[in-house]
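Below you'll find the structure, written out as structure tokens, and then a few comments.
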Amino acid sequence: MSSKADAAIIDLLRKLNRNVEIVSRKLDRLIEVERSAGGHALHPSVPVPENLLLDVTTLLGLPDHLRKSALALASLGEATATDLSKETSRVRAVESDYLNQLVAMSLVKKKRKGRDVYFYIES
Amino acid sequence: MAFHSYKGGTGKTSLVVNLGALFAKQGANVCLLDYDFRAPSLNVLFKAKPQYWLNDYLEGRCEIVDTLVDQSTRYKLPGKLWVGFSNPSMEALKDIMGKDRKWEVKALTKTLSGKKAIVDEKQVDYLIYDTSPGAQYSSINALAGADLVSLVMKADEFDLEGTKELSKGVYEALGRKSGIVLNKIPLEQIAAGGGAESFGKQIESDVGLPLVGLIPCMCELMAMGGKAIYTIEKPDHTFSKSIGQIAEKLKKM
């Protein structure tokens with residue numbers, strides 16, 4: 001085989017390798033999102049990112065339903081799922097689920113005050 | 001509502017001030033907030049020396065209502081015209097440039113809770129943010145707090161392409177109702193586009209957002225920038241009438 005053909009094959013292999021790396025990163029990201037939403041961990045060694053900060057750049061990357069909860073919580077400061085559900089006009093159980101997803105993503109924290117659980121953004 | 005743009009110099013501050021003054025003239029309670037922390041402008045027009053700046057609020061040194069200065073008496077307006085100013089000193093500008101992401105998280109929550117405090121405590125009908133152009137933290141914080149975003153643009157190629165990106169990446173992502181205000185448009189460009197209506201429709205189609213207003217380029221306004229509030233001092237001027245039309249469109253959105 002000629003050196004020109006060899007070079008073309010090597011170039012093609014490099015491109016394939018880059019594409020495989022891109023796909024692999026996207027898969028890792030999908031696994032992170034699935035884990036944070038309570039799904040099965042297909043790749044247990046991929047950690048959930050710690051200390052994610054809930055600034056606007058993170059907000060813009062959130063799915064719509066979580067962004068709505070995050071914005072409402074940022075507006076109230078500290079709130080129960082019931083308080084948030086009044087802001088978002090969603091059922092309390094649904095709001096609680098979304099808030100707990102944000103907690104699992106380390107974007108929101110929660111604490112107990114008596115019988116109530118309060119969610120808040122640490123800043 | 002927030003007034004934003006991809007590029008600077010599109011006339012956001014003039015629009016914010018004149019629109020806010022018009023709403024107050026119509027009897028509404030209005031609050032303007034200068035969220036352009038990197039190039040504050042409202043203090044120039046109102047010649048303000050407030051006790052507290054919006055910077056002080058974001059740093060936790062005061063409540064947001066402490067930053068507001070009522071301009072309605074000065075301009076004899078039936079409604080209130082509260083204005084919150086950002087600090088134009090070089091020290092404050094350098095401080096803003098050095099802020100990290102942790103501070104920006106705090107700034108976001110303070111922006112959103114501040115909006116609530118202003119609306120509740122001052123019974124404000126219209127809260128209007130004047131923002132920095134482009135993708136600045138403070139601007140996007142303001143957009144996150146707004147119910148309605150008006151994108152101010154000049155309709156040149158730089159503006160068109162950049163605005164389309166902002167629309168996809170920011171306004172749509174935040175789920176905010178948005179519209180375009182075309183400002184400082186040369187008459188030749190309007191004529192080349194087949195007239196105001198046709199030109200406006202082309203831009204709407206290109207950007208994918210509804211047109212809220214179209215204001216042609218007026219040289220005398222450029223000279224008066226930062227000196228006069230036309231909707232108060234020259235209510236019959238073409239610019240003031242354009243602002244009036246924009247106000248009516250925004251009320252319906």
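Bear in mind that the values in this text are calculations on the coordinates, not laboratory data. Keep in mind that what you see is a predicted model, and the values were worked out from it rather than measured. No Cβ is skipped: glycine too gets one built from the backbone with ideal geometry, and neighbour counts run over all protein chains shown.
Here are the numbers for the structure shown:
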read-out: Taking A:I9, B:I232, B:I243 and counting other C-beta atoms within 10 Å, the order from fewest to most; value: A:I9, B:I232, B:I243
read-out: DSSP beta bridge pairing in the protein assembly as shown, given as percent antiparallel to the nearest 5; value: 30 percent
read-out: Local net charge near A:R90, Cβ-Cβ under 15 Å (Lys/Arg +1, Asp/Glu -1); value: -1
read-out: Fluctuation leader among B:D236, B:D147, B:D56 - chain B, Gaussian network, Cα springs under 10 angstrom; value: B:D236
read-out: Per DSSP, loop chymotrypsin sites (Phe, Trp or Tyr not before Pro) in region B:1-92 with at most 16 further Cβ within 10 Å; value: B:Y75
read-out: Amide proton proximity set for B:L81, modelled H, under 5 Å, gap of 5+; value: B:V30, B:Q71, B:S72
read-out: Exposure proxy ranking, count of Cβ atoms within 10 Å, fewest first, for B:S113, A:S24, A:S69; value: A:S24, B:S113, A:S69
read-out: Between helix B:101-122 and chain B: long-axis angle, C-alpha atoms, 0 to 90°, nearest 10; value: 90 degrees
read-out: For chain B, the fraction of alpha-carbon pairs in successive 10 Å shells from zero, as %; value: 7, 33, 37, 19, 3, 0
read-out: Karplus (6.51, -1.76, 1.60) ³J(HN,Hα), θ = phi - 60°, over region A:54-70, in Hz, Gly and Pro reported as x; value: 8, 9, 5, 5, 5, 3, 5, x, 7, x, 3, 5, 6, 5, 4, 5, 5
read-out: Rounded to 5, the percent of DSSP beta bridges in region B:2-252 classed as antiparallel; value: 10 percent
read-out: For B:G134, residues with placed amide H under 5 Å, excluding near neighbours; value: B:S5, B:Y6, B:K7
read-out: Computed label-point distance, nm, for sites A:L13 and B:Q245 using a 7 Å Cα→Cβ extension; value: 6.6 nm
read-out: Degrees between helix B:196-207 axis and first principal axis of chain B (Cα, 0 to 90, nearest 10); value: 60 degrees
read-out: Under Karplus coefficients 6.51, -1.76 and 1.60, residue-wise ³J(HN,Hα) of region B:148-155 in Hz, glycine/proline x; value: 9, 10, 10, 8, 9, 9, 9, 6
read-out: Residues with amide H under 5 Å from that of B:V212, placed H, sequence gap 5 or more; value: B:I180, B:V181, B:L182
read-out: Within 10 Å of each Cβ in B:95-108, the average number of Cβ atoms from other chains; value: 4
read-out: Neighbouring partner chain Cβ atoms per residue of A:70-77, average, 10 Å criterion; value: 5
read-out: Helix B:157-166 vs. chain B, principal-axis angle (Cα, 0 to 90°, nearest 10); value: 50 degrees
read-out: 15 Å beta-carbon shell around B:A228, net charge (K/R +1, D/E -1); value: +2
